[in-house]
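Undergrad: Encoded as structure tokens, here's the structure I'll be asking about.
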Amino acid sequence: MYYVYVLFEQRNRRFYVGYTHHLRRRLQEHEQGQVASTAGRTPLELAYYEAAVNREDALHREKYLKTTYGKRYIRSRLRRYLAAKGK
């Protein structure tokens, strides 16, 4: 199983989108600052994730969520989450 995930950066109130084969391990790596792209952006919180059976589908979905339309989808999907966070 592969996962596409969205992390919420609490300090700058932005999203980070990624994919992985081991979701829990990858989240720990983000929190411990072991991922270069998010090392200075902690604390991070898992806001959303999707599962895919194969790697190609997960990569395709990750690329989509990084587009303008994908960002709109994330904001729409996480409307209540963002409201609770005060954004």
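Undergrad: List the residues whose amide H sits under 5 Å from the amide H of Tyr48, counting only those 5 or more places along or on another chain, with H placed 1.01 Å from N in the peptide plane.
TA: Excluding prolines and chain starts, which carry no amide H, the hits are Val6.
Undergrad: Let me ask something additional. What percentages, rounded to whole numbers, describe P(r) for segment 2-85 computed over all alpha carbon pairs with 10 Å bin width beginning at zero?
TA: Computed distribution, short to long bins: 18, 50, 31, 1.
Undergrad: Further question on the same structure: Counting each DSSP H run of 4 or more residues in the chain as -39500 (n - 2.57), what helix-only mean residue ellipticity at 222 nm follows after dividing by all residues, to the nearest 500 deg cm²/dmol? Before the final figure, lay out the partial values.
TA: On the way: 4 runs with 37 residues, N = 87.
Rounded to the nearest 500, it is -12000 deg cm²/dmol.
Undergrad: Could you grab the relative contact order for segment 1-55? Cα pairs under 8 Å, six or more apart, rounded to a whole percent. It would help to have the intermediate numbers written out before the result.
TA: Values: 91 pairs, mean separation 27.6, N = 55.
Relative contact order here is 50 percent.
Undergrad: Sort Val17, Val4 so that the residue with the fewest other Cβ atoms within 10 Å of its own Cβ comes first and the one with the most comes last. Mind dumping the intermediate values first?
TA: Details: Val17 18, Val4 23.
In increasing order of surrounding Cβ atoms, one gets Val17, Val4.
Undergrad: Name the long-range amide H neighbours of Gln10: under 5 Å, sequence gap of 5 or more, or other chain; modelled H, no Pro or chain starts.
TA: Glu45
Undergrad: In sequence order, what are the phi-derived ³J(HN,Hα) couplings for segment 35-41 according to the Karplus relation 6.51 cos²θ - 1.76 cosθ + 1.60 with θ = phi - 60°, rounded to whole Hz, with x for glycine and proline?
TA: 9, 4, 6, 10, 4, x, 10
Readers should treat all values here as calculations from the given coordinates under stated rules, not as data from a laboratory. Because the structure is predicted, anything quoted here is derived from the model rather than measured. Positions of Cβ are generated from backbone atoms using ideal geometry, with glycine treated the same way; all protein chains shown enter the neighbour counts.
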